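Have a look at the structure below before the remarks.
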Amino acid sequence: MSPLRSRLVVLAAAAASAFLALRPATRAERALELALTPLRALSELARPVGLVRSSSVRAAERATAAELEHELEARRALGRGERRFVLPDEERLLAGRDFVLGEVVGRVGDDADRLEVRLIGARTPKQEGLAPGMPVAVGNHYVGRIQAVLGELVRVDLVTRSDGFVGARLEGVSGPARLVVGGVLPRARRDAERLLAVHNPEFESHLGELSGAEVRVADDLSASPWAELAAGFRLGRAVVLPSTRGEPSLGVRADPDFAGGLFQVALLRPAGRRAGPAGIEVDPLEDPHWTAATALSSGDPSGMREGVVLDAGALRGVRPGAAVVAGARLVGRIGAVRPLASCARLLGDPGLSLPVLAQVEGLERPVILGWLVALGRADGPHGEPRALFHWQRGWPAGLGEAQESEPARARLYTGAGAAGVPPWLFVGEAQLPRQAGARVIEVELPVDPRQLAHVRVRCSQPAGEPEVAP
């Protein structure tokens, strides 16, 4: 091609880009993206930066491969531990019931009080004998009921919904004490604490005597055919609140973190309702919904952001929010997606959010941290890669408050609830302060994500199957 024609092609591409920037057109943008992809790939391959970084890249990837088997076994052990504590440990709550374990996929749209749950194992809710109205629990705690069964998913309404009413009794008080629990108290009546609302209480004791009493589900106060399954499960403890009208009122302090701490749940059904043998679970790290990707360049020229452009895009099933992993380690999540490329937001990218649980030294039970939000990059004393995260929930009540001056050493893993991010991916290690309330924690990353050239990305269909770009 003559120099004149080359200049004309470049000018035409520049003019088209400028026009689309002023007047976006989806089809035209996609066509231009596809047309310029070969030029972009050639320019990336020609960059000498890869040669400069090649030794550090090889070192980072060797370190990741060396720890793979250990980290795979650690995540399996964490998964077994989390699921063990999803089941109740009180004998009276085990009798006459079967428990189907489910993983929270996410919330339904903007409705924070309705969950979508996928069963653990290759069976559908119908095969497991699940039906609307059946209760849902975490450990000994009642959290809601099945609202609908939708193909492979179950939709769950939490007790925090305004219509999530359930009959209950107060235990350990003089005389009968019955009430209905459901919804959340208005902020004006509960200060900053999120409490379950109490309706139509009936009790003979003085109101002050009810403070701290245990609140449990009562089956005789519900018309649901599955009410007996929920009977005896714990709702929380009664809290006596002052009233603006001069009369105190009741609320319930629930133990589960309904806002961001529900990762795994147990769906209750009558014993013997399963149709056929149990399903076989497939580790999401070993299923075919992954595609290999190579880092091409930094994803954002700003020094405040942290990302990398990958050579995998929508045509390979990559979607925003999908996990980016190296071995069993999470290194980031997908941000913007183009047909043939995508931008990965690494763990040090401000605003990146993750559901996280911790394996704390000295504690058998995994600790749910809730959702952490990245604040940016930090460096250790010798330049080790670290990332700062905002921890809104703080240390849970009842876990070693006597040692408040000593932080808890913990290994952090992903929890459930983020679309495209499997649970139990290793994030890093941290010292967790043993105080309630919002905190900033520094996470020691096992490897610098910026030094990885080859990763895997979670995709929406098995790798190798064609998909039409959206």
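Some points to look at:
- Cut-off under 5 Å, modelled amide H: who pairs with R365 long-range: none
- M134, M304 arranged by Cβ crowding within 10 Å, fewest neighbours leading: M304, M134
- A cut-off of 5 Å between modelled amide H atoms, ignoring neighbours fewer than 5 places along the same chain, links L241 with S249, L250, G251.
- For R97, nonlocal amide neighbours, meaning residues 5 or more places apart or on other chains whose placed amide H falls under 5 Å from its own, are A271.
- Cβ-derived FRET efficiency at R0 35 Å, E152 paired with S174, nearest 0.05: 0.10
- Among the chymotrypsin sites (Phe, Trp or Tyr not before Pro) in the stretch 85-187, none sits in a DSSP loop with a Cβ that has at most 13 other Cβ atoms within 10 Å.
- Remark: the stretch 254-270, residue by residue, has Karplus-estimated 3J(HN,Hα) of 8, 7, x, 8, 5, 6, x, x, 9, 10, 10, 9, 10, 9, 9, 9, x Hz, where x stands for each Gly or Pro and the curve is 6.51 cos²θ - 1.76 cosθ + 1.60 at θ = phi - 60°.
- Among R345, R84, sorting on how many other beta-carbon atoms sit within 10 Å of each Cβ, with the fewest leading, yields R84, R345.
- Sequence-ordered 3J(HN,Hα) estimates for the stretch 173-178 from the Karplus curve with 6.51, -1.76 and 1.60 and θ = phi - 60° stand at 10, 6, x, x, 9, 10 Hz, glycine and proline given as x.
- Computed over the stretch 312-414, Kirkwood Rh from alpha-carbon pairs, angstrom: 15.5 Å
- Ranked R329, R76, criterion: other C-beta atoms within 10 Å, fewest first: R76, R329
- Gain upon complete extension [A63, D283; 0.36 nm per residue less C-alpha separation]: 76.9 nm
- Each residue of the stretch 109-115 is assigned a 3J(HN,Hα), and the resulting list reads x, 8, 7, 6, 9, 9, 10 Hz, derived from the Karplus form 6.51 cos²θ - 1.76 cosθ + 1.60 (θ = phi - 60°), x at Gly and Pro.
Each value in this text was obtained by applying a stated rule to the coordinates, not by laboratory testing. Here the structure is a predicted model, which is why all the values come from computation and not from measurement. Please note: Cβ atoms are built from the backbone with ideal geometry, for glycine as well, and neighbour counts cover all protein chains shown.
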